[in-house]
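Trainee: Mind having a look at this structure? Questions to follow.
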Amino acid sequence: MMERTQSPEILALGEPLVEMTRLEALSDGRPVFRQSVGGDTLNAMIAAARQGGHAGYMTAVGGDPFGEEILSFCAAEGVDTRFISSREQDPTGVNFIHPHPSGSRFSYARRGSAASHYSSDELPHEAIKAARVLHVSAISQAISGSMREAVNSAATFAQTAGTLVSYDLNLRLNLWTLDEARAAIEGLLPKVDIVLPSIDEAEILLGTSDEGIILDHFSRFDPFLVLLKRGERGLLVRTGGRVFDVPAMQVRAIDSTGAGDSLAGAFLAYFVETGDVELSAQRAVRVAAGTVTGLGATDPIPFRKDVL
């Protein structure tokens, strides 16, 4: 693949993970796992790159074989790795996935991971300034205090620099308490231009599944765009005073892992390319639909040629 020297247009911050997806057990009952690469904001960047976007990633990986595999995987996918550092003394995080069509279960071995030690001092400010969009998530905020500060600092700098900030809630209460999550999320939202909650996350945060109330809540932070992810019911989009529905494609779902992440990354890629919210949302829904038809977060993400 030809090396790109210009700064990425879409730049994400977060934790990459080696993912182990559970397959059918052996005859003696022992589980079998398939290894791949994932991590919510990295999943989004893989989706963006597969749609033709110029995506890059900011993080740290361990100085171990898993870290090397993540770097190789990103490079092969066309995700810019210049802003990924390697920490010899720290491990790379691992995610064990128990797939399910509607709601996969996850178990993590990520405590003390290289990415959890990432700090705001490592942020490549010139690259953030040059990007069209910075993409972050609440998972990144949850993994450690230093990464939380890095997310906040990156969003603050992006806002000042005129770079759009995209924020996927990806609420995981096995990483922090609901009160901690609510405070961190609502502390970041005033800096966010594009917010991507899911209907189930919003219900946990707000105590309601009423879509109008959910849209009103996130809109009061004055984002340019709210994309409410509703799984098999597709997207509900609010931009300015307009609200419209983008139905999901009907597919045979196998594993829901990474579907919302791939939707986010695909939307950003097409929005940066076209500036058309509705077109970008329609294509993003197609990418998410393709993602749930295979196992794992990144392997089944469709390419541009399969979407257009």
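The values are calculated or read from the model by the stated rules, or taken from the named source; none is laboratory data. Quantities reported herein were computed from a predicted structural model and do not represent experimental measurements. Cβ placement follows ideal geometry from the backbone for every residue including glycine, while neighbour counts extend to all protein chains displayed.
Listed here are the residues, each with its yes/no results for (1) surrounded by 15 or more Cβ atoms within 10 Å (Cβ to Cβ); (2) part of a strand (DSSP E or B).
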residue	(1), (2)
Thr208	no, no
Gly212	no, no
His217	yes, no
Pro223	yes, no
Leu227	yes, yes
Glu232	yes, no
Leu236	yes, yes
Val243	yes, yes
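Trainee: Among what's in region 256-273 and is under 10 Å from the mean Cα position of the chain (by Cα), part of a helix (DSSP H, G or I) and of a type in the set (Gly, Ala, Ser), pick the residue that is surrounded by the most Cβ atoms within 10 Å (Cβ to Cβ).
Mentor: Gly265
Trainee: Among the candidates Phe106, Phe157, which residue alone is touching a strand residue (DSSP E or B) at 6+ places or on another chain (Cβ under 9 Å), modelled with pLDDT under 95 and outside any loop (DSSP other than H, G, I, E, B)?
Mentor: Residue meeting the stated conditions: Phe106.
Trainee: State whether the residues of region 79-102 include one that is farther than 30 Å from Ile254 by Cα, aromatic (Phe, Trp, Tyr) and touching a residue at least 40 places away in the same chain (Cβ under 8 Å).
Mentor: yes
Trainee: Could you please let me know if Ile214 is in contact (Cβ under 8 Å) with a residue 24 or more places away in the chain, among the β-branched types (Val, Ile, Thr) and in contact with a strand residue (DSSP E or B) (Cβ under 9 Å, 6 or more places away or on another chain)?
Mentor: no
Trainee: Can you tell me which residues in region 118-141 are part of a helix (DSSP H, G or I), closer than 17 Å to Val61 by Cα and not polar (S, T, N, Q)?
Mentor: Across region 118-141, the qualifying residues are Asp121, Glu122, Ile139.
Trainee: Ok, one more. So Ser256 ticks every box in (1) out of contact with any His (no Cβ under 8 Å at 6 or more places or on another chain); (2) at pLDDT below 95; (3) among the polar types (S, T, N, Q); (4) closer than 20 Å to Ile139 by Cβ but one. Which box is left unticked?
Mentor: It is condition (1) that Ser256 fails.
Trainee: Can you go through Leu295, Leu308 and tell me which one is farther than 27 Å from Met20 by Cα and outside any helix (DSSP H, G or I)?
Mentor: Within the list Leu295, Leu308, the selection yields Leu308.
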